[in-house]
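Take a look at the structure set out below.
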Amino acid sequence: MKKLNPLFLPVILALTSLAISSCTKKEEEQSNILRIGLKDDVKTLDPANMYDSVGAEVLPQIMESLLQYKYLEDNLVLEPSLADGMPIASKDGLTVTVKIRKGVMYADDPAFKDNGGRGRELKAQDFIYAFKRLAIPAIQSQGSWIFEGKVVGFNEFEKKLQTAKGDDFKKAFDEPVAGFTAKDDYTIEFKLTQPYPILNYILAMTFTSPVAKEAAEAYADKDGNLRDHPVGTGPYILKSWETNQKLTLVKNPNYKGTYPSVSTSAKFKAAGYLADAGKPIPSIDTLRFDIVKEDQPRLLRFEKSDLDTFELTKDSFRSAMVDATHVRDDLAKRGVTAEPDVSLIMYWVGFNMKDKLLQNKYLRQAISSAIDRDKWVEVFEKYTGSKQTQVCPPGLPDRADNAKIKYDYNVGKAKELLVKAGYPEGKGLPAINFDFRGAETRYRQMGEMFVQQLGAIGIKVNVILNTFPAYLEKSKQGNLQIYLGGWNFDYPDVENGYALLYGPNKAPGPNDANWENASYDALYKKMALQPAASKGRKELVQKMEDLIQEEVPWAYGYYRSEFWLKQPWVKNYRSSQTLTGRYKYMRIDKLAK
């Protein structure tokens, strides 16, 4: 054999690489893969601690809950998922019984040693095990609030685990919680301390997904976290997770589901969404989540057909759209469409009340009055944002009537409030750290805007850019000062918004402002006991809103509407982030590629 001339080696290697790349791309185009772009890496795939929009793209495909939202309805309506029928409450609302479906199997996994690595049947006890994990101190679950003060014995169980160590901890964890009972293998009974009108919504959250004890014992870290090896009953299995690059999910052969056969929506019927009625799901073999943190590179990959969906932001909206409803001509000719999401998303500037400096109410009011929200929306959320005038976005029952912000943009007023706070023209006021939820260009530019706006009244700001997981960890630990807060509603009820400022929900719970106000907390507790649209509930909400507007634990920002670009071969597509398990219903039309 002749030796290769080393001068030709780079050329040969390049040609070989090109051939492999072309082959791989051609194979991928012919395969049944849905390619989704993520804005950041996933922080965790443990259902006890997954509480962000990035993780919510992935984990619900692997781990299901008792209930879910109907896929083909215009409004958000619950239906059974792992449950066998809807929960049944007693007349006094203090006992709730849930039946689970028989024959539901976990995905095959080596953790199931007694079953030869084959997934075993789901049992009621798996839910109770998952509920109890929310109380483990080392996990620091952001979901413990869903049961605290509501389920009989849960708070006492938490306290026992906080003081128990070693073998005593294992014994304490194995003790029963009076409010959780497996009546048999397929029946769960909740005993509540008070009526809990939103429990059905809670049972649709990933916090309440079942966890197999075998999986926790096989894969949990020293603190009990199941970060990177979820084992569930869902339509997909985690095949691989390459940190900061991609996650790959493959179809779970043990999953048995069918596409919806009924819809009351004229819109979805007319668009052909019932064409797959009654067919087995999932249709797509592989979900590939590519982590592309910068907006423009994600859009470029979508334009090159390397991503099948794309979430529009301010910059990409202007690049991809002609106006608020029409995509660029070249994309339209390829069949690309923009899918709106009637979302329940909001952003605000939060103040960590653990910080002594920010306990000064007049300082918080001054900062709120220095923020030009119209400019904020125009520059960063044109077409997709609208000014936040109260906690909850439009469209929810019992929403307050506030159409204006009490401490809205007014530089003169802001300067007066700063004097009242004891810092005329900012004199004597140390620089304030402002944490952002990402490090991409968007957040750098937003940071510069806040430096200018707060600087106009004499407040110096240190902009701190974080990865999203790092930001969440700071929030969980209560280590923020002021910060860009964001929330995508867990369920369509005003209670979910006002829970973010309820004192007992402070960090590591969702109250990352760590605000505690006795009057507000008392109003919240009354409101939370009442079903939506019940008599007097809106009045309670209004009183809570008035307190927030005066005390300013948040400086309101904006509500955000979501728009997603979709390739023409993606069928049955819905962009709603509330429908977290949506990928199992989608289909790739290979003939459209």
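Computed values, structure above
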| read-out | value |
| --- | --- |
| Segments classed as helices (runs of 4 or more DSSP H), wholly inside segment 466-580, with at least 1 members that are touching a helix residue (DSSP H, G or I) at 6+ places or on another chain (Cβ under 7 Å) | 494-498, 518-528, 537-551 |
| Residue satisfying condition, being among the acidic types (Asp, Glu), closer than 27 Å to ASP285 by Cα and out of contact with any Leu (no Cβ under 6 Å at 6 or more places or on another chain), within set ASP114, ASP41, ASP46 | ASP41 |
| Residue among PHE268, PHE289 that is touching a residue at least 24 places away in the same chain (Cβ under 8 Å) and over 23 Å from the mean Cα position of the chain (by Cα) | PHE268 |
| Residue that is farthest from LEU540 (Cα to Cα) [pool: residues in segment 468-495 that are in contact with a Gly (Cβ under 7 Å, 6 or more places away or on another chain) and of a type outside the set (A, V, I, L, M, F, W, C)] | TYR483 |
| Within segment 425-464, considering residues that are surrounded by fewer than 15 Cβ atoms within 10 Å (Cβ to Cβ) and either in a helix (DSSP H, G or I) or in contact with a Cys (Cβ under 8 Å, 6 or more places away or on another chain) (or both), the one modelled with the lowest pLDDT | THR441 |
| Matching residues in segment 444-460 - criterion: being farther than 23 Å from ASP315 by Cβ and among the aliphatic types (A, V, I, L, M) | LEU454, ALA456, ILE457, ILE459 |
| Unique match (being outside any loop (DSSP other than H, G, I, E, B) and either of a type in the set (S, T, N, Q) or in the same structural domain as LEU529 (by TED's automatic domain parsing) (or both)) among GLN142, GLN125 | GLN125 |
| Residue that is nearest to ILE291 (Cα to Cα) [pool: residues in segment 461-476 that are in contact with a strand residue (DSSP E or B) (Cβ under 6 Å, 6 or more places away or on another chain) and among the β-branched types (Val, Ile, Thr)] | ILE464 |
| Exclusive hit being in a strand (DSSP E or B) and either touching a Leu at 6+ places or on another chain (Cβ under 7 Å) or surrounded by fewer than 17 Cβ atoms within 10 Å (Cβ to Cβ) (or both), set LYS222, LYS239 | LYS239 |
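Rundown of residues vs (1) within 24 Å of the chain's Cα centre (by Cα); (2) under 28 Å from ALA421 (Cα atoms); (3) not assigned by TED's automatic domain parsing to the domain that holds ALA89, yes/no style:
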site: ASP490; (1), (2), (3): yes, no, yes
site: TYR498; (1), (2), (3): yes, yes, yes
site: GLY503; (1), (2), (3): yes, yes, yes
site: PRO508; (1), (2), (3): yes, no, yes
site: ALA532; (1), (2), (3): yes, no, yes
site: MET544; (1), (2), (3): no, yes, yes
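The values are calculated or read from the model by the stated rules, or taken from the named source; none is laboratory data. None of these values were measured; they are calculated from a predicted model. Cβ atoms come from the backbone with ideal geometry, glycine included; neighbour counts cover every protein chain shown.
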